[in-house]
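One structure below.
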Amino acid sequence: MRILNLAGRRLAASIPTLFLILIGIFLLLQFAPGDTVDAMMAQMGGGDAATARELRQFYGLDLSIPMQLGHYLWRLVRFDLGFSSIYGKPVASVILERLPPTLLLMTASLSFAFFAGLVLGVVAARGVNKWPDTLISTLGLIFYATPSFWFGLMAIVVFSVYLQWLPAGGFEDIGQAATGLARTLDIAAHLVLPALTLGLIFLAIYLRIMRASMLEVLNLDFVRTARAKGLDETRVVVRHVLRNALLPMVTLIGLQAGTMLGGSVVVESVFSLPGLGRLAYESVVQRDLNTLLGIVFVSALLVIAVNFLVDLLYARLDPRISAGA
Amino acid sequence: MPLSRIEISRRTALLTSAAIAANVINPMRAFAQETPRKGGVFNVHYGAEQRQLNPSLQASTGVYIIGGKIQEPLVDLDAAGNPVGVLAESWESTPDGKTITFKLRKGVTWHDGKPFTSEDVAFTAMNMWKKILNYGSTLQLFLTAVDTPDPQTAIFRYERPMPLNLLLRALPDLGYVSAKHIYETGDIRQNPANLAPVGTGPFKFNKYERGQYIIADRNDNYWRPNAPYLDRIVWKVITDRAAAAAQLEAGGLQLSPFSGLTISDMARLGKDKRFIVSTKGNEGNARTNTIEFNFRRKELSDIRVRRAIAHAINVPFFIENFLGDFAKLGTGPIPSTSADFYPGPNTPQYPYDKQKAIALLDEAGLKPGAGGNRLSLRLLPAPWGEDISLWATFIQQSLGEVGIQVEVVRNDGGGFLKQVYDEHAFDLATGWHQYRNDPAVSTTVWYRYGQPKGAPWTNQWGWEDPAIDKIIDDAATEVDPAKRKALYADFVTRANTELPIWMPIEQLFVTVITAKARNHSNTPRWASSTWHDLWLAE
């Protein structure tokens, strides 16, 4: 119960932060030259000044900036995210449509990065300074240093264009209009390459952290004790070392949930996924302030939720934390 | 420049048939008569989503490429670039040019089953073309009424003479018809049909999944017999150009229109037998690269400085090394693809001549100061294309060599338009001028004085010239085609002499299409047209 209490307090503390972020973004976007009507004109390939004036009135852009901000915050208090000028729909429904691909992508690549990082980190730590360690560390370095758009494009060239094993982009196959299990498998096939691409950088980080923390824990006294008791090596690693070495890994998940949302802009563009990252990019280019603020709001909620889960996991892994709180 | 396959297909493009062009590209396929095959799904690359899809409300290629398959204009252009009836069967003008009568096609129905009548034309013209449609509101400024004596006749009444040729050349882009019964109630801009268009065209709107795809299916009740051939068209939203090229190669796309890929990918796929890479079918969408001068800047209001800048840039070198086969030297605001209005290359030109540029700058009193610097300018490039970005860098380096220091200030679309066309916060700007078949539709607003502040792609340079204004106004209401052509030749001469804008590069958009496609690129605005005859070979 204590842990819930702690998490609840954290949640309450994050609300002012959330408002500050939204106001900050709102003001920051005012510095970008041009508004949504300018962006619209650019898309239309021209139009006259009277039309532009009319459109500005329609979108409430003729009001002063404090007025616009005031309107926005007042709407937000009533849980109304406003109306998207690019999509002609309420922002909430636009975001709701785009949320599933991003959530799927994030979950898939985070779990891939976490588990593959864990395994590789353990293997590297067990064979420290021998060839498996060197190999894994070098790979990790390469994954970390390579930009994800390049990985994505190379993956498309190899697995879609030449081998034709996996689809080159999109969220699902439009032609088949599959349902049920077939659709699930289809979506999964479409997610393999993007999830791997997005996950590789995070994999590299997890691998390094896991390796370091394994090495640290392996040298602690209780491990020596466990060995002295005559436990076999596998048991020592799994039961005693791994559990203790996992704590920094779990910390990272919470931190990286936010980073991942940012990284998904690139991956979603390369793989044509209709996710939140691309939506955010489009709303910046089109100066669709309502949609952008809505995305910031939802992303912040996501990060808060992930951190909440991480807090719970912490308590499970290390009973000292909930006791101490 | 090497005479490549693409170059040949462009030169022959306008006047030859698709068969001859196909012969150039692939001799084996030349005259083999094939029977059109029904069926198939055609996947199209769609680079940027639109806020709406109704071409009666928004004139842009991004809308035509979808809306143009679902809705139809009164008139389109045939292979030779001449107006040909679509929803209109015939037309005539009174000698004074103030009354133009369209006879409409019989037996055409909207996708919801209601009949298409002159009421639809009158409603669309008065409420959409005249009031909302970009470029349309300028074109139809003097339209006072559209009479509908019977369901098959629409009579356009103008306050001032409307040259029939101007109207016919404008209507393929600015003459799409919407259904009155769908739009007559409520706010036109907010009508749900804007995102789920209802038309008379060969394909019926099916689904729009934001961020993913748009689907249209065959219209079984289409008025042209035996058309269309395709079962379905899918536009896939792919914003990343490299990813789109990969999708083409993987078979997920059959077409990337309007130069949707990177220049290097287009050149690479041009060598691949599975694709045809060509500028053919885009003659109606010619564009020129510009240099726009801000006259509020004292130095730039001096004609010698503008001419010096033009002389200082080695345009042929730039084209050969950066744009390759996709561009050629331009000669002014009316591109050479415009058979009706191109005045020929013998108007004032500014060939590369560094010494002359330096002499002109000296003459203008701009002596080299510290470090050889004569003048500092801010250049704002538009973000629409790779070529503009390269061109901006090239201008910067070329002008550096004659002592003009250029700072390139990059913006995204909204920012560029705001700074150049509303705040006038530029010294030089560069972007595209897109020519729309008649100078009165697309071009003269770039030169005519008195454009309202904030209207993009109009004379926002602060340039004023009563002589050119008179030519522009006379030509816009001149009913005699020969006299109009002569007036526009004067216009180009005057524009190139005074040089408020310089348009030294001419380009056509590039189409990348599967070699299995038949009846493609066969009109000057093919990617925007209906695709009723397009089919896919096995």
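Per the listing A:Thr36, A:Thr51, A:Thr17, the residue uniquely more than 23 Å from A:Phe297 (Cα to Cα) and β-branched (Val, Ile, Thr) is A:Thr51.
Within the stretch B:222-238, the residues that satisfy the criterion of being more than 11 Å from chain A (Cβ to nearest Cβ) and either assigned to a loop (DSSP other than H, G, I, E, B) or of a type in the set (D, E, K, R) (or both) are B:Tyr222, B:Trp223, B:Arg224, B:Pro225, B:Asn226, B:Ala227, B:Pro228, B:Tyr229, B:Leu230. Write out, first by first residue and then by second, each pair whose Cβ atoms fall under 6 Å of each other, whose residues are 6+ apart or on separate chains, and whose first residue, in the stretch B:128-140, is in a helix (DSSP H, G or I) while the second is of a type in the set (Asp, Glu). Here the result reads B:Ser137/A:Asp48, each pair linking the stretch B:128-140 to a residue that is of a type in the set (Asp, Glu). For the structure I just gave you, tell me whether A:Leu231 is away from chain B (no Cβ under 14 Å), within 26 Å of the chain's Cα centre (by Cα) and open to solvent by 30 Å² or more (accessible area, probe 1.4 Å). The answer is no for A:Leu231. The residue list B:Ala370, B:Ala339 contains one member that is touching a Gly at 6+ places or on another chain (Cβ under 8 Å), exposed (fewer than 15 other Cβ atoms within 10 Å of the Cβ), modelled with pLDDT under 95 and hydrophobic (A, V, I, L, M, F, W, C), which is B:Ala339.
Of the residues A:Ser264, A:Ser272, the single one that is surrounded by 24 or more Cβ atoms within 10 Å (Cβ to Cβ), in contact with a strand residue (DSSP E or B) (Cβ under 7 Å, 6 or more places away or on another chain) and touching a residue at least 24 places away in the same chain (Cβ under 8 Å) is A:Ser272. In the stretch B:248-257, which residues are within 12 Å of another protein chain (Cβ to nearest Cβ) and either out of contact with any helix residue (DSSP H, G or I) (no Cβ under 6 Å at 6 or more places or on another chain) or not aliphatic (A, V, I, L, M) (or both)? Those that are within 12 Å of another protein chain (Cβ to nearest Cβ) and either out of contact with any helix residue (DSSP H, G or I) (no Cβ under 6 Å at 6 or more places or on another chain) or not aliphatic (A, V, I, L, M) (or both): B:Leu248, B:Glu249, B:Gly251, B:Gly252.
Total residues in the stretch B:460-488 satisfying the condition of being in contact (Cβ under 8 Å) with a residue 24 or more places away in the chain and among the small types (Gly, Ala, Ser): the figure is 4.
Got at least one residue in the stretch B:190-209 being open to solvent by 10 Å² or more (accessible area, probe 1.4 Å), out of contact with any Pro (no Cβ under 9 Å at 6 or more places or on another chain) and of a type in the set (Asp, Glu)? Within the stretch B:190-209 (the criterion being open to solvent by 10 Å² or more (accessible area, probe 1.4 Å), out of contact with any Pro (no Cβ under 9 Å at 6 or more places or on another chain) and of a type in the set (Asp, Glu)), the answer is no, since none of the residues qualifies.
Please work out which residue is farthest from B:Gly332 (Cα to Cα), limiting yourself to the stretch B:510-528 and to residues that are open to solvent by 10 Å² or more (accessible area, probe 1.4 Å) and touching a Pro at 6+ places or on another chain (Cβ under 8 Å). Looking at the filtered set, the residue picked out is B:Arg518.
Among the residues of the stretch B:42-70, those identified as assigned to a loop (DSSP other than H, G, I, E, B) and of a type in the set (Ser, Thr, Tyr) are B:Ser56, B:Ser60. Just so you know, in the stretch B:438-487 the residues that are more than 23 Å from the chain's Cα centre (by Cα) and on the phi > 0 side of the Ramachandran plot include one that is least open to solvent (accessible area, probe 1.4 Å), and it is B:Gly462. Considering only the stretch B:141-187, how many residues are assigned to a helix (DSSP H, G or I), over 27 Å from B:Lys483 (Cβ atoms) and not basic (Lys, Arg)? Adding up the residues that qualify gives 3. Scan the stretch B:44-72 for residues that are of a type in the set (A, V, I, L, M), under 18 Å from the mean Cα position of the chain (by Cα) and modelled with pLDDT of 90 or more and the total you get is 5. Looking across the stretch A:270-325 at every residue that is among the charged types (D, E, K, R) and under 20 Å from the mean Cα position of the chain (by Cα), the one that is farthest from the other protein chains (Cβ to nearest Cβ) is identified as A:Asp311. Can you pull out the residues in the stretch B:461-481 that are out of contact with any Asp or Glu (no Cβ under 8 Å at 6 or more places or on another chain) and not in a helix (DSSP H, G or I)? Residues satisfying the conditions are B:Gly462, B:Glu464, B:Thr477, B:Glu478, B:Asp480. Within the stretch B:122-166, being in contact with a Leu (Cβ under 8 Å, 6 or more places away or on another chain), within 14 Å of another protein chain (Cβ to nearest Cβ) and either of a type in the set (Ser, Thr, Tyr) or open to solvent by 40 Å² or more (accessible area, probe 1.4 Å) (or both) holds for B:Lys130, B:Tyr135. If you check B:Ala455, B:Ala429, B:Ala482 for being out of contact with any Leu (no Cβ under 9 Å at 6 or more places or on another chain), among the hydrophobic types (A, V, I, L, M, F, W, C) and within 14 Å of another protein chain (Cβ to nearest Cβ), only one passes: B:Ala455.
Residues that are open to solvent by 10 Å² or more (accessible area, probe 1.4 Å) and at pLDDT 90 or above number at least 2 in the following strands (runs of 3 or more DSSP E) confined to the stretch B:239-333: B:275-278, B:327-329. Taking the stretch A:80-138 as the range and being open to solvent by less than 30 Å² (accessible area, probe 1.4 Å), out of contact with any Leu (no Cβ under 8 Å at 6 or more places or on another chain) and within 14 Å of chain B (Cβ to nearest Cβ) as the test, the residues that pass are A:Ser84, A:Ser85, A:Ile86, A:Tyr87. A:Ala195 meets each of the listed conditions (1) touching a Leu at 6+ places or on another chain (Cβ under 9 Å); (2) modelled with pLDDT of 85 or more; (3) within 13 Å of another protein chain (Cβ to nearest Cβ) apart from (3).
From B:Val75, B:Val41, grab the single residue that is within 13 Å of chain A (Cβ to nearest Cβ), at pLDDT 90 or above and farther than 23 Å from B:Thr279 by Cβ. Result: B:Val41 is the single residue among B:Val75, B:Val41 that is within 13 Å of chain A (Cβ to nearest Cβ), at pLDDT 90 or above and farther than 23 Å from B:Thr279 by Cβ.
The values are calculated or read from the model by the stated rules, or taken from the named source; none is laboratory data. None of these values were measured; they are calculated from a predicted model. Every residue, glycine among them, receives a Cβ derived from its backbone with ideal geometry; neighbour counts consider all protein chains shown. Accessible surface areas use protein heavy atoms only, side chains included; no ligands, DNA or RNA. Shrake-Rupley method; radii C 1.70, N 1.55, O 1.52, S 1.80 Å.
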